[in-house]
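The values are calculated or read from the model by the stated rules, or taken from the named source; none is laboratory data. No experiment lies behind these values; they were computed from the predicted model shown. Ideal geometry is used to build each Cβ from the backbone, glycine not excepted, and the neighbour counts take in all protein chains shown. Accessible surface is based on the protein model in full, side chains and every heavy atom, while ligands, DNA and RNA are left aside. Shrake-Rupley method; radii C 1.70, N 1.55, O 1.52, S 1.80 Å.
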Amino acid sequence: HYLIPEKVVSNEAKPNTKLTQLISEFEGTVRSFSPELWPEKSFNKLINHYEHQGHINSALEVVNLALSQYKTKADFHLIRARLLMRQSRLEEALDSISFAEQFAPSHDIDLIFTKVKIFWQKHLSTNP
């Protein structure tokens, strides 16, 4: 159910073999996935790829895997909250925000903005 593009292209119209390799590795072993510690950058590339392709469930799988390795990274909790919000899973998104707040600086504007958006979306869904 995943889509591996025939050719992943960068801005210069050259194949992005590293991203293609990451996609293949993730999708080929997702059921029995126990990778060595991947760098955060690799997870971010995969998450961005799936999100831009509109495959939010796949992006969530990647971010959940990232969180299993980087439990204290506020950025991954924030990304998870944004993805859940796109699926209108607002309570889960707020849970992710709560985790992000534990690890992010108190003045993190992205975190504050995302939290406000989730509460606003929640308000709109309960008060049409």
Hey, GLU92 hits all of (1) closer than 27 Å to LEU19 by Cβ; (2) touching a helix residue (DSSP H, G or I) at 6+ places or on another chain (Cβ under 6 Å); (3) surrounded by fewer than 20 Cβ atoms within 10 Å (Cβ to Cβ) but one; which does it fall short on?
(1)
What tally of residues in region 56-78 results from selecting those that are open to solvent by 50 Å² or more (accessible area, probe 1.4 Å) and within 11 Å of the chain's Cα centre (by Cα)?
4
Being in a loop (DSSP other than H, G, I, E, B) and in contact (Cβ under 8 Å) with a residue 12 or more places away in the chain is the filter here, so list the residues in region 72-128 that pass it.
THR72, LYS73, GLN87, SER88, ALA104, ASP108
I'm told ASN48 meets every condition in (1) modelled with pLDDT of 80 or more; (2) open to solvent by less than 50 Å² (accessible area, probe 1.4 Å) except one. Can you identify the failing condition by its number?
(2)
Pick from PHE33, PHE43, PHE26: which is modelled with pLDDT of 90 or more and either among the acidic types (Asp, Glu) or open to solvent by less than 80 Å² (accessible area, probe 1.4 Å) (or both)?
PHE43
Would you confirm, using the coordinates I've provided, whether GLN102 is out of contact with any Cys (no Cβ under 8 Å at 6 or more places or on another chain) and open to solvent by 70 Å² or more (accessible area, probe 1.4 Å)?
yes
Out of the residues in region 53-109 meeting the condition of being over 26 Å from GLU25 (Cα atoms) and in contact with a Leu (Cβ under 6 Å, 6 or more places away or on another chain), tell me which one is modelled with the lowest pLDDT.
ALA104
